[in-house]
Structures are given as structure tokens and as C-alpha cells.
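The values are calculated or read from the model by the stated rules, or taken from the named source; none is laboratory data. All values derive from a computational prediction rather than experimental measurement. No Cβ is skipped: glycine too gets one built from the backbone with ideal geometry, and neighbour counts run over all protein chains shown. Areas reflect the complete protein model, heavy atoms only, side chains present, ligands, DNA and RNA absent. Shrake-Rupley method; radii C 1.70, N 1.55, O 1.52, S 1.80 Å.
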Amino acid sequence: MSNDLPKTYDFKSTEERLYNWWWQNGWFKPEVHPDAEPFVISIPPPNVTGELHVGHAMFVAMEDLMIRHARMKGLAALWVPGSDHAGIATQLQVEKMLAAEGTNRRAIGREEFLRRTWAWKEKYGGIITQQLRRLGASCDWDRERFTLDEGLSAAVREAFVRLYRMGLIYRGEYLINWAPGLQTAVSDLEVEYSEEEGTLYYFKYPIAGRDGEYIPVATVRPETILGDTAVAVHPDDPRYRHLIGETCLVPILKRPIPVIHDTYVDMNFGTGALKITPGHDPADFEIGQRHGLPIVNVMNPDATMNENAGPYAGLDRFECRKKLWADMGAAGLTLKTEPYHLTVPRSQRGGEIVEPLVSTQWFVRMKPLADLGLEAVRSGRIRIIPERFTRVYYNWLENIRDWCISRQLWWGHRIPAWYGPDGSMFVAHTAEEAHAQARKKYGKEVELRQDDDVLDTWFSSALWPFSTLGWQEPTPDLQRYYPTSVMETGYDILFFWVARMIMDGLLLTNNVPFHTVYLHGLIRDQYGRKMSKTAGNVIDPLEVMDKYGTDALRFTLLTSATPGNDINLSVDRVAANRNFANKIWNAARFVLMNLGRPGSEVQSVTNETSISNLKSLDLPDRWILSRLNSVIASVNRLFDAYQYGEAGRQVYEFLWGEFADWYVEISKIAFGGANEEAKQRARAILVHVLDQALRMLHPFIPFVTEEIWQHLPHAPNEAPALIVARWPEADTRWVDAQAEADMALIMDLVRSIRNARAEYNVEPGRQIAATIAADGQQPLVESQARVIATLARIDPARLHIEERLAEPPPQSVALVVGGVSVYLPLAGLVDVAKERERLSQEVEATTQRIARSEKLLASDFARKAPAHVVQAERDKLRELQDRRAKLQEQLAALS
């Protein structure tokens, strides 16, 4: 312990030094408490493509808070770090790199492409890890995993084979979401829908054999007309009932298609007739299945038109739209167009318009898995915080569709399926196992071809809580640390990831992967807008940490957060929280400077012993110890309820608003006196309260708290670092409601006098006189007379305390606080004659402004000016009237 705390806190020289010290001493490992109950979090693995953004900062701060708290509570806290190979995102980055070199993946081949991608991952993949460390993430880096590690890859193959053999994975031709630019399928959850302005096209569907007769139809995608296989009407629609069973002719192509009836058709939308394109629309696909309609695909994988589009083959889909509509117009088949508000499906990666396309893909049957996931939450085995997201979770799982898991990419887990010469399929863990199956079937060695597709990134991420611990082998880590404890992540990936982890965990391990799901909100700018580079409102956490320090950013995020609610982040709030770190630092410097020489008594015994040995405690001492233990109890309740933001705010208010602003100032009275016992008592209490507050704040702001704590005196058997020190527990023996109430009155008295001084512009160093009528509180007020005099800058010789006064002192400012009256002689506050003159002039000037405002509001202005301008003038008049009344009260007091 050293009393030599620098004058200012330098986070730049502190953060990296402390982080490396913690790490090198093994304090991030659960073996710190080897026999304790485990507390485990699996990090939501960031993409290897990524750089730190505020979303990362949010989850790292929140999970590090949970882990540090659990570690201090004596649990075997394990935070498993890792990163995700991020199939589409990473492949896009490498393909951009190849394009810049004038080549592409198909030109260099799969093997070379994968070699280049691994090289890219090695070069850039560690950046995000280093940035997570910058945030103070106390992960066990020796257990760091990557979703393409060999161990995790083996787990993925095992899961695939097991689900396939259970009949839960199948391969089939269905309508899927196709990203033409990425040239891959994407799942329903990877499609984002944007509201955009478009056009509704009305046209004629000619009836075969009925010259000039047609069914009017409307569409927003004319190019898909070429793939129509029916026109549907409602069976009860009198306009079209007589045409059911007739034949229509596809415009331009003149291909015959039937008129069918289906109750799905909305008679009141558009024309009441619906073109059915099973190959290019999800709803139409379902109708086509019900009616046995053929599927006509008119697009190539790159979204150009194929041979089924007839004369439009080779055109881009949007070029085809223009050309087809023009040709239909020339043929007299168009009716009209009108503006229409569209919901456009776009790929989450890249933003391109997604095309519904019939394709042969791999799927997971989700209904049996969804039933497992629903039961786990309904039974209470898994709790979702906040609870309102439970209903959202239920709704999604109750209406779940099969999951398309194959991707037409090269970077990722290649699907473990091999095909024989006759197309027979062999699903196996390895090529050797597939060949063994083939030999059994064919009776000889044959050449096998592995499926070219890879698995959706979320397939491997769904195994994360147990694959990172060694599943499917019975590793020591899997046996000790699974199930994990809390899954903390953003509510936006409740379906992408959380639900899938729950389902896979239950199916593959026969256990829940975690007992609690904690969902944080999204980070928005200070006005509640989504952050985007286009809007220019993106907050770069690295820049913020460079300017204000990691603790300030963490504390802002954590104390702004409530479960499941979005956060409006302001850099000004980060700056204010840097001031909080400085406030703690300055309070600590005061405490350390008053400890006396190194080796003195307060440094050789525990703080608790120092306090418990005290024969008597003054009111401020009893008050601060009571408040400390009340705050500890409240903070522990809030932590148990996952209300971390409120817990942090309460410690903030206590340390700044009570300890630093009041008790530290009161302790200066003892240090300024000659009573050594009072000094020693103040030292012991200051150290104890600061120590306990630093412990509560450590999960929020780990760096500044550790740096200060290292300078405080500790018992010989105390932990070597705050990161592994014991978490505070409330001692109810010190909770003193009467002391808190009494001290609240004293503080209110001081505040009232300070406010009066400020109102009358009394110089800060000037001592004034005061008379107090205590009205039943005389013993209390007299016992704290020195505190009141010191903090309110009252001359002790001119402080008079009475039970009651016969009459108030003349020409005094009267203050009433909780039944106690305080009188401050005006002569001691101001030059009465000058102040009366100043106030009279202000009353006159304010009266003139009131007259002008009243005249304006009585004129045509009130009828002709905009309403908000008139209201602003009325508000100004009201403020002027209130100001004049207050000035007149002050003037009357001086008379």
C-alpha cells in the first residue's frame, strides 16, 4: 500500500497495465475458486470480419459486469471467449480482396480460396479480440474458441449426422430466399423488409376462346408473369365465379393456364383476382402445392431471365420488367399503373433484393425442436429477462417454419454428405466413413463427391454453449461448466441464435444450455435514432475510450441500460462519467493524504475491526455507515433482479452525493482538530466506506477502482487485487434509520442556507450569522452545530440555537426545514440599502417588460401569429410575472 496517489487519474497509462497484470496472474480463470459453484457465460462470438462497435461495447460491458460480480461473490466464474467464422460476411471480404487483384474465387478454385480466407482470418481475426480486451473483458483467453476450430467442426458434423439420422434434417426442392449477388440461399431470419415506394401494375389476363374477354389482375412484379401457372379467384366472388375452370393465356407467351378458386384470395384487394407464380412467391407456392400446379422458374441464379422467359431470356429481372410491360402495352394488355407502398425483402448482408426461388437445399424440421424449446421456457427451466420477450419467443416457435441450412458458399462447415455415381447419398462424419457406407451399398470402392454447400453460420453457433466446452467428448470442462448460467445478448437475435441454442442444447445434450436469458436493447444516438454512417451519427467506442477512458464508456452504457430497452447514447454523458471517475480519485486522494505515516494503526488492522472497536460514534459516522449498508443491501437486491443499471446509479449517488460531498467534508473537521481519537475514527470509516464502495463499483468501472484499491490499507490476509476481493454483504447491525433521518435534517438545513447564500450572491468564503429555532430538535441541532457552521459557512460565534423564538429577528431571511426555522440576518448577507435599490430597479424593468408583453398579446398578434409563437409569448409573460412577484417578496423582506 502506498499513500502516493497521483494528483490526476491517467487512464491511458493505467488500463493496459492493469489488464495485463490481471491476466498474467490468472485471475480471469475459474480456477481462482476451484471448488466453488460455477458461473458460466459463453460470449456471443463476434465476427472475425468485425471491428469494435457500440453493440460489442454493450454486451462486453454487461457480461464482464456479471462475471466480475460472480468472481467477487466467490463463484468459479468462467467467461468463454471466441469468434465466429461468419460465412457470408467473411467470404464477401475475401471476394472483395480478390476482385481488387483482378480475379475471383472461381478462377482460383476452392482450395486456394480457402487458403486465402484462412490467411485473411489470421491477419484480421485478432483485431476484434484485442479490442474486446481494451474494454476490460475478463475472459479466460486460454479457452478461446473459433467456430471453425477442429473441435467445433467435429461437433458440427456430429450434430448434422445425428439430426439427419433422427429424420430432422432432409434435402428437398422448396421455395427459398435467394440472394442473387451473393449467389446463396439465406434463411427467413436473414431477410430484412424495408418499406419502399413502388408501382402496382394492372393488366388483362385473356380468356382462351372468348374473344376480348379477360380477367383484370394486378401485380407489383410484372417480370414474374412469365412464370404464372394459374389465375386464382375467390369461390364466392360473383364477378369471376363463371370463369372458374376456364383457361387463360399468359401475356406475350400465350401459355395456357387454368382459372382456379381458393379462399386465400382477398376479393377486396386490387381486382379480386390473383396471378399464381409458385416458383417466385411464398404464398403462391403454398397455393400451388394445394392445387398441384406446376412450378415454372423463369430466373437464373444471378437474377437474369432464363429460357422459360421466352424472348426475355438473358435480360436482368428489372430490365425484363420494363421490356415486358412495354410489350404488353403494345399488345393492348395493360390497364393502368398506380403508386404503391411496397414491403421489399432485402438481404441482411449487402442489402440486395432477395428473390424467392425454388431450389434444392438442406432443411431442418423445426416443429419437434420448437416443442422442446417451448417446454423449457414454459416449465421455468429457462427464464427470459425481461419477461415480455417470453411471449415473443412463444409466438415465433409456435409458428416456426423449417430452416434452410445450406449456403452456396465455400467458407464454412462443408455439409458432411457424399454422393455416389448413381446419386445415392451418404451422410457421415468423415469421408472415410462415407466410403465405408458406399462400399457396403455398391460392394466395391467407388468415387464419391462431397456436397459443395456449407452450413448456415447459425447452425454452428447454435452449438456454441457446449461445443466450446468439448462436446461431444465428455471433457472435464463440459462436465463441470455445462449447462452454462446466463446467455446475455441483444434482443434482436433472440430467434437467430438464442432459440436455436435452446433447441439444440435440449436435443443434443438432454439439458438446457443456460438457465437465464438476459436481453439488452439496441444502442441508438442521443435522439433515439438508429446509428448509421449515412446519418453521420455513429459513435465509435474506440474514439470514445481514447478520449474519456474505458471506465467512462462502460459506466455510461451500464447505467443507461434496463433489460430489453434500447439505449440513447450521448457522448456528453460519457464525459460526465469521466468526471465521476475523477471525483472518486479525488476523494481517495483526500483519504490517503489523511491516513498518516505508512505503518500507522489504520494500516495494520482491518477496516471492520477499526470500526467495531470504536467506543462511540458521532451522528455523521453512524449515518454514513448506515447508508453504506443500506446501499449494499439495495445493490445486492438489484443484482439478484438483474437491474444492474439501477444498482450502478445507486452506488454513484451514494459515493458522489453522500460520501464525497458530505462525509468527506465533515471528516475535515476532525482532521482540523487536535483530537487524535476523532482523527483515527474518521480515517477508519473513510477507508472502510471507500473500500466497500470500490468493491461495488468494480464490475462497472474496473480500472479506476482497482488502481485506487491498490493504494488503500488492507489486512494481511486480504486478496491481492480488487478483481478477486470479496463482494460486500450488508451488516444490518449498522443500519440506523434514526441516524439517517437525523442526518437528513442536518443536510437539508445546510442546503437551505447554501441556497440562500447563492440567491443573495454571498461570497463563498464569507461567514454569516444565523439563528435557529429548533422546535423540538434542539439537542440534535446543537450536537451538529459545528457541522452546520462549517458546511454552511456560518460564524460559530454568531450561530444561535434556541428551542423557540418569541418573534422572528427583524430584517432576516426565513427558511423552514422539517419544522426547524432558520433566520439569516439580511445585514450579514447584503448591503441593505444597495440591495433595495437594485431590487427596485429590477422590479421596474420587469414591470415594463410585462406591460410590453401584455400589449402585444392584446393586439392582432394573438390572432395572426402562428400558435406556437403566441404560446411562447404567453409563457414569457408568465415567467416575467413570476419573477416580479419574487423580486417584490425580496424587496418586502428588506423593508
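See the values below:
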{"item": "Cβ-derived FRET efficiency at R0 35 Å, A576 paired with Q848, nearest 0.05", "result": "0.30"}
{"item": "Gyration tensor (alpha-carbon) shape descriptor, the stretch 450-531, a/c threshold 1.5", "result": "oblate"}
{"item": "Most to least packed among 319-330, 698-709 [average Cβ atoms within 10 Å]", "result": "698-709, 319-330"}
{"item": "Efficiency of FRET from Cβ geometry, K834 and M593, R₀ 45 Å, rounded to 0.05", "result": "0.60"}
{"item": "Restricting the stretch 405-464 to trypsin sites (Lys or Arg not before Pro) in coil, as DSSP defines it, with at most 12 other Cβ within 10 Å", "result": "K444"}
{"item": "Difference of contour (0.36 nm per residue) and Cα-Cα distance, E803 to A865", "result": "16.4 nm"}
{"item": "Three-way shape call for the stretch 420-477 based on the alpha-carbon gyration tensor, with the a/c threshold at 1.5", "result": "oblate"}
{"item": "Note, ³J(HN,Hα) from phi for the stretch 238-247, Karplus 6.51, -1.76, 1.60, rounded to Hz, x at Gly and Pro", "result": "x, 5, 10, 4, 6, 9, 4, x, 6, 10"}
{"item": "Shape box of the stretch 1-147 [Cα atoms, principal axes, largest first, Å]", "result": "65, 41, 25"}
{"item": "Acute angle (nearest 10 degrees) that the helix 87-100 long axis makes with the longest principal axis of the chain, alpha-carbon atoms", "result": "80"}
{"item": "Residue-normalised accessible area of the chain, expressed per residue, 1.4 Å probe, Å²", "result": "44"}
{"item": "Neighbour cut-off at most 11 other Cβ (10 Å), DSSP loop, chymotrypsin sites (Phe, Trp or Tyr not before Pro), the stretch 236-285", "result": "F269"}
{"item": "Rough spin-label spacing in nm, given labels placed 7 Å along Cα→Cβ, for V816 and T103", "result": "8.9"}
{"item": "Three-way shape call for the chain based on the alpha-carbon gyration tensor, with the a/c threshold at 1.5", "result": "oblate"}
{"item": "When each of K12/K73; K96/K123; K12/K530; K29/K583; K12/K668; K254/K322 is checked by Cα-Cα distance, pairs over 22 Å", "result": "K12/K73; K12/K530; K29/K583; K12/K668"}
{"item": "Zone residues, the stretch 828-867, relative to A885, backbone N less than 16 Å from point 7 Å out along Cα-to-Cβ", "result": "847, 850"}
{"item": "Taking the chain and dividing mean pair separation by its residue count, relative contact order in percent (alpha carbons under 8 Å, at least six apart)", "result": "12"}
{"item": "Dipole of the stretch 1-142 [Lys/Arg +1, Asp/Glu -1 at C-beta], most positive-end residue of A70, G55, F28", "result": "G55"}
{"item": "Fraction of accessible area attributable to carbon and sulfur, the stretch 377-435 (%, probe 1.4 Å)", "result": "49"}
{"item": "Between 0 and 90°, nearest 10: helix 388-398 axis offset from the chain longest Cα axis", "result": "10"}
{"item": "Low-density loop cleavage sites - trypsin sites (Lys or Arg not before Pro) in the stretch 515-553, where at most 14 other Cβ are within 10 Å (DSSP)", "result": "R529, K533"}
{"item": "Antiparallel content of DSSP bridges confined to the chain, in %, to 5", "result": "70"}
{"item": "Unit charges on C-beta of K, R, D, E only; dipole of the chain, Debye", "result": "740"}
{"item": "Amide H within-cut-off set for V358, under 5 Å, with H built and near neighbours excluded", "result": "I176"}
{"item": "Selected from Q890, S840, L791, residue furthest toward positive end of dipole (the stretch 744-895; charges at beta carbon)", "result": "S840"}
{"item": "Difference of contour (0.36 nm per residue) and Cα-Cα distance, S532 to D262", "result": "92.8 nm"}
{"item": "Helical mean residue ellipticity (222 nm; -39500 (n - 2.57) per DSSP H run of 4+; nearest 500) of the chain", "result": "-14000 deg cm²/dmol"}
{"item": "Approximate spin-label separation R17-D775, in nm, with each point projected 7 Å along Cα-to-Cβ", "result": "5.6"}
{"item": "Order by protection proxy (mean Cβ within 10 Å, highest first), peptides 513-523, 210-220", "result": "513-523, 210-220"}
{"item": "Calculated FRET efficiency for the pair K855/K322, C-beta based, R₀ 60 Å, to 0.05", "result": "0.35"}
{"item": "Potential extension, N717-R733 segment - 0.36 nm per residue separation minus Cα distance", "result": "3.3 nm"}
{"item": "Overall Cα dimensions of the stretch 90-196, principal axis frame, Å, largest first", "result": "46, 43, 39"}
{"item": "Cα-based equivalent ellipsoid of the stretch 137-276: semi-axis lengths in Å, sorted from largest, via gyration tensor", "result": "48, 19, 15"}
{"item": "D4 versus R115: modelled label distance in nm, points set 7 Å from Cα along the beta carbon direction", "result": "5.7"}
{"item": "Fraction of accessible area attributable to carbon and sulfur, the stretch 755-895 (%, probe 1.4 Å)", "result": "50"}
